[in-house]
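> Sharing a structure with you now.
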Amino acid sequence: MKKFNSFSSFMVVTVAALSLAGCSGGEKKAEEAAMTETGAPADTATPAETPAVPAEATPVAYASLTGDPVAGEKIFGQCKACHQLVEGKNGVGPSLHGIIGRTAGQTVGFNYSAANKSSGVVWKEEAMFEYLEAPQKFMKGTKMAFAGLKKPQDRADVIAYLKTKS
């Protein structure tokens, strides 16, 4: 195994080995050529390489998902502590019967926050999808203390379930 006098000479050899491997398709040869004097593979990352973006960091559009109402019913179990699906029956939170298409803050007999009453939000699927991710971020001043559903598919499933309860 060749010893290197400096880091820069090591990098020259590594880059040359990777270039040759790219031409010949010999990934294993490039790895062998890029071994350090201790026998450990060298870090061959270059500044031009960018790390992959985690899937969670990439926004997902509601329209790209198909909700499953059966799965949504299970996930909705988290919501039952505060919300009913019976028309006119409010709990800690308002009844969610017929929520899709309704204007926020309009359920009769429920004392909404000023933020919710004055928001003008119509609970279309896209708005509900965004709201369910982080309710307090979506509607600053809401009384809803739920942290949200972080998985896009979970939100789409809950929306599909809510649509069956109109």
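The values are calculated or read from the model by the stated rules, or taken from the named source; none is laboratory data. Treat the numbers as computed from the prediction; the structure is a model and nothing was measured. Cβ coordinates were reconstructed from backbone atoms using ideal geometry, including for glycine residues, and neighbour counts include every protein chain displayed.
> For residues in segment 96-121 being over 16 Å from Leu162 (Cα atoms) and either free of Cβ contacts under 8 Å to residues at least 12 places away in the same chain or under 23 Å from the mean Cα position of the chain (by Cα) (or both), which is surrounded by the most Cβ atoms within 10 Å (Cβ to Cβ)?
Checking each candidate, the answer is Val121.
> Another question, then. Within segment 62-95, how many residues are touching a residue at least 60 places away in the same chain (Cβ under 8 Å) and either in contact with a strand residue (DSSP E or B) (Cβ under 6 Å, 6 or more places away or on another chain) or among the small types (Gly, Ala, Ser) (or both)?
Final tally of qualifying residues: 4.
> May I pose another question? Only one of Met128, Met144, Met139 is within 16 Å of Ser64 (Cβ to Cβ) and among the aliphatic types (A, V, I, L, M). Can you tell me which?
Only one candidate qualifies: Met128.
> Right, Leu65: aliphatic (A, V, I, L, M), at pLDDT 95 or above and touching a Lys or Arg at 6+ places or on another chain (Cβ under 9 Å) or not?
No: the conditions fail for Leu65.
> Let me ask you something else. If you scan segment 122-163, which residues turn out to be assigned to a loop (DSSP other than H, G, I, E, B), out of contact with any Gly (no Cβ under 7 Å at 6 or more places or on another chain) and either buried (at least 18 other Cβ atoms within 10 Å of the Cβ) or outside the structural domain of Phe76 (by TED's automatic domain parsing) (or both)?
Met139, Thr142, Leu149
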